[in-house]
Amino acid sequence: KDSGGFGLWPDSRAEAPFLTCYTAFALVKAAQSGFDIESDRLERSLSYLHTFLREGWNPERWPFSLGDWKTIKTFALYLLAMTKRPQPAFADGLFAERETLPLFGKTLLLKALYYGKGSAAAQNTLFQELVNKIKLTPTSAHFEDDGPGVGRWVYSSNIRTTAFILQTLIET
């Protein structure tokens, strides 16, 4: 889109913020792996995400829940931090509201704080809160979000959440 965001379909009238985050993430990882990308496209997407952080949640405009909305904001924060554009005030604000975030959102916030060189105390708190959510059985360990339908608009699943948390714990 002209804004730098991506739409779900070629004829979509509006941007899809989660899709924009995911696409920008793919572009960043491709560039880090040596692929030639359209750097202008990435810059415009990051600019869109920077602007998106300042938008308020409007249930009439956005189909997703407030938790999904905040999760998308943590994804935007993570991308901006990993591309050397941290937004510490927004990260601190979402950290203060972390109880309203699903596990996937908390994990993205931990990564945003890590790459954005945020508060070590906040990082440690998130790390401990994630570890405290592990579900152990005699033969496995995994993570589950607290309610059914959590993260529906960000394509969440307990398998993805488990994989992402494990990858984050190793990375950070």
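Here are some notes:
- Ellipticity estimate at 222 nm from DSSP helix runs (n ≥ 4, -39,500 (n - 2.57)) divided over the chain, nearest 500: -17500 deg cm²/dmol
- For the chain, the alpha-carbon coordinates run over 50, 36, 31 Å along the three principal axes, in decreasing order.
- Take every pair of alpha-carbon atoms less than 8 Å apart whose residues are at least six positions apart; their mean separation over the length of region 91-172 yields a relative contact order of 31 percent.
- Measuring nothing but protein heavy atoms, the accessible surface of region 14-101 at 1.4 Å probe radius is 55 percent carbon and sulfur.
- Each label was represented as a point 7 Å from its Cα along the Cα-to-Cβ direction; for L66 and D36 these points are 4.9 nm apart.
- Other-chain or far-sequence residues with amide H under 5 Å of T172's (modelled H): none
- Considering region 62-104 at the alpha-carbon level, its Rg and Dmax are found to be 10.5, 31 Å.
- Annotation for K133 and H50: the two label points, set 7 Å from Cα along the Cα-Cβ direction, are 3.0 nm apart.
- Each Cα pair under 8 Å and six or more residues apart adds its sequence gap; the mean of these over the residue count of the chain is a relative contact order of 18 percent.
- Here the contact order of region 1-103, divided by its residue count and restricted to Cα pairs under 8 Å and six or more residues apart, works out to 25 percent.
- What you get for the chain, charging only the Cβ of Lys and Arg (+1) and of Asp and Glu (-1), is a dipole of about 200 debye around the Cα centre.
- Per-residue HN-Hα couplings for region 31-42 [Karplus 6.51, -1.76, 1.60; θ = phi - 60°; Hz; x = Gly/Pro]: 5, 5, 8, x, 6, 7, 10, 7, 4, 5, 4, 5
The values are calculated or read from the model by the stated rules, or taken from the named source; none is laboratory data. Computed from a predicted structure; not experimentally measured. As a convention, Cβ positions derive from the backbone with ideal geometry for all residues, glycine included, and neighbour counts pool all protein chains shown. Ligands, DNA and RNA are excluded from the accessible area calculation, which covers all protein heavy atoms including side chains. Shrake-Rupley method; radii C 1.70, N 1.55, O 1.52, S 1.80 Å.
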